[in-house]
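S.K.: My structure is below; once you've seen it, I'll send some questions.
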Amino acid sequence: MQKILFTNEVRQAITSLIEEMRPASVHIVTDSNVARAVLPLLSLPYPVITVMPGDEHKDLSSLSLIWDGLIKGGATRRSVVINIGGGVVTDMGGFAAATFKRGLRFINVPTTLLSAVDAAVGGKTGINFGGLKNEVGAFAPADAVIISTVLFSTLPSVELLSGYAEMLKHGYLSSEETCRRLLNYNILDSRPDTLLPLLEESVRVKERIVVEDPCEKGLRRALNLGHTAGHAFESLALRCHKPVPHGHAVAWGMLVEMILSHMTEGYPSRELHILAGYLKDNGYGTPAFSCDDYPALIEFMRHDKKNDTPGEINFTLLSRPGLPLIDRTASDADIRTALDIFRDMTS
Ligand code: GLY
């Protein structure tokens, strides 16, 4: 099982892990932003392989740059890779480690809230390929993940909100009580010591699900809550050259999917109003779209790689906070109605 450490003593945690693992050599993988802003704070005595930041560089050429760096640095099968960065670095560095010499051990140290709560944990690794996101990859859990909220101190508000949406998602998958606690916490006014236990609770929700279903054959699909509609909002925004943060799209997607849950599974309407009010009051904004965009949004949903049955759109819905329903589908007419209601609630 993946070891997850929650601590604000990052350097010490890395040093103890490396002592335990007794590797032949250690290699850091990071991007140039993190190399500048975070690595000096950790002053780790290991060689660094630096890739370009951003999802557009989560590609084959960055992957081969990492493999090259490992070869030049003399990595052997007994070496350890430490991925320090956001989701792009942990996904790509994890994939590089998992494939180099048929697999090196690796540690993830997420530096964004979004990667701490999601990408760094659970073993999904990979790169974008052929214009498709995460098209090539492997399930390869890190040997350890070190989660530390002190690393988020320089994150802009928009990044914090984006990561917090995934924490809210875990809350909705967990219980009504956890949701309430998260909805009452102000992430934009958070301190590392108060955020760390909340984040631990959130990551443990994902961990429990992943332990039961590591390769996403069933239960793990619950983690897709908000993502079918969310990815459609993200794709539409990208097509209009106005990209939106992933977590914001997931937050909007959760509201759409809760409306669908209300329409088809009896999800309580007051929960819709609570989430809509929260998103409005906490700076999540609203997606720019009109009813003319419904066909495009539905087409994006239909082409989502989460769909197993051709033509059907796969959703994770809820019957109550804490009670997810996986492998649900909805008709185009219901999705249109849900989008109408979403626009009313968020305007
Ligand atoms: N991001 C959802 C998962 O890891 O399954």
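S.K.: Going by the alpha-carbon gyration tensor, a ≥ b ≥ c the square roots of its eigenvalues, is the stretch 156-259 rounded (a/c under 1.5) or, if a/c is not under 1.5, prolate (a/b greater than b/c) versus oblate?
M.R.: Because a/c hits 1.5 or more and a/b fails to exceed b/c, the stretch 156-259 counts as oblate.
S.K.: So what's the projected area for the stretch 52-119, the Cα convex hull averaged over all directions, in nm²?
M.R.: Across all orientations, the stretch 52-119 yields a mean hull projection of 4.2 nm².
S.K.: Does anything in the stretch 25-52 have its amide N under 15 Å from the 7 Å Cα→Cβ label point of THR15, and if so which residues?
M.R.: In the stretch 25-52, the label zone of THR15 (backbone N under 15 Å from the point 7 Å along Cα→Cβ) covers 41-46.
S.K.: With +1 on the Cβ of every Lys and Arg and -1 on the Cβ of every Asp and Glu, and nothing else charged, how large is the dipole of the stretch 217-347 about its Cα centre, in debye rounded to the nearest 20?
M.R.: 400 debye
S.K.: Cross-link list LYS58/LYS101; LYS242/LYS280; LYS206/LYS305; LYS58/LYS280: which exceed 27 angstrom alpha carbon to alpha carbon?
M.R.: In this structure, LYS58/LYS280 exceed 27 Å between Cα atoms.
S.K.: Which percent of the accessible area of the chain is formed by carbon and sulfur heavy atoms (probe 1.4 angstrom)?
M.R.: Whole-percent figure for carbon plus sulfur exposure: 54.
S.K.: Apply 1/(1 + (r/R0)^6) to the Cβ-Cβ distance of SER347 and LEU219, taking R0 = 35 Å, and write down the FRET efficiency to the nearest 0.05.
M.R.: So, using R0 = 35 Å, E works out to roughly 0.45.
S.K.: In Å, what is the Rg of the alpha-carbon atoms in the stretch 108-207, and how long is Dmax?
M.R.: My reading of the Cα-based Rg and Dmax gives 14.1, 43 Å.
S.K.: Considering every Cα-Cα pair within the chain, what fraction, in whole percent, is farther apart than 39 Å?
M.R.: Across the chain, Cα pairs with separations above 39 Å total 13 percent.
S.K.: Further question: List the relative contact order of the stretch 185-316 as a percent without decimals, with contacts defined as Cα pairs under 8 Å and 6+ residues apart.
M.R.: 25 percent
S.K.: So for the chain, averaging the separation of alpha carbon pairs under 8 Å that are six or more residues apart and normalising by length, what relative contact order in percent results?
M.R.: 14 percent
S.K.: Once you order the gyration tensor axes a ≥ b ≥ c over the Cα atoms, which shape class does the stretch 300-347 get: rounded for a/c under 1.5, otherwise prolate or oblate by comparing a/b with b/c?
M.R.: Note, shape of the stretch 300-347 comes out oblate.
S.K.: For Cα pairs less than 8 Å apart in space and 6+ apart in sequence, what is the mean separation divided by the residue count of the stretch 46-97, i.e. the relative contact order in percent?
M.R.: So the answer I get is 40 percent.
S.K.: Shape call for the stretch 6-144 from the C-alpha gyration tensor, a ≥ b ≥ c root eigenvalues: rounded (a/c under 1.5), prolate (a/b greater than b/c) or oblate?
M.R.: It is rounded, given that a/c, with a ≥ b ≥ c, falls under 1.5.
S.K.: Specify the angular offset, from 0 to 90 degrees and rounded to the nearest 10, of the alpha carbon long axis of helix 60-72 from the longest principal axis of the alpha carbons in the chain.
M.R.: Compared with the principal axis, the helix lies near 20 degrees.
S.K.: At what distance in angstrom do the alpha carbon centres of the stretch 288-347 and the stretch 244-267 lie from each other?
M.R.: 8 Å
S.K.: Let me ask something else. What is the projected area of the convex hull of the Cα atoms of the stretch 257-341, averaged over all directions, in nm²?
M.R.: For the stretch 257-341, the mean projected area of the Cα convex hull comes to 5.9 nm².
S.K.: For the chain, with every protein chain kept in place, what is the accessible area per residue (1.4 Å probe, Å²)?
M.R.: Heavy-atom SASA per residue in the chain reads 43 Å².
S.K.: When the dipole is taken about the Cα centre of the stretch 49-150, and only Lys, Arg (+1) and Asp, Glu (-1) are charged at their Cβ, what size is it in debye, to the nearest 20?
M.R.: It comes to approximately 480 debye.
S.K.: Rank these by accessible area, largest first, 1.4 Å probe: LEU65, LEU160.
M.R.: So the residues, ranked largest to smallest area, are LEU65, LEU160.
S.K.: I would also like to ask the following. Net charge near ASN128: determine it from the other residues with C-beta under 11 Å of the C-beta of ASN128, scoring Lys and Arg +1 and Asp and Glu -1.
M.R.: -3
S.K.: Students sometimes get this wrong: rank TRP252, TRP67 by accessible area, probe 1.4 Å, all chains present, largest first.
M.R.: Most to least solvent-accessible, the answer reads TRP67, TRP252.
S.K.: Can I ask one more? Averaged over all directions, how much area does the convex hull of the C-alpha atoms of the stretch 1-62 cover when projected, in nm²?
M.R.: Result: 5.7 nm².
The values are calculated or read from the model by the stated rules, or taken from the named source; none is laboratory data. None of the values given here were measured: they were computed from a predicted structure. Here Cβ is always computed from backbone atoms with ideal geometry, including for glycine, and neighbour counts include all displayed protein chains. Areas reflect the complete protein model, heavy atoms only, side chains present, ligands, DNA and RNA absent. Shrake-Rupley method; radii C 1.70, N 1.55, O 1.52, S 1.80 Å.
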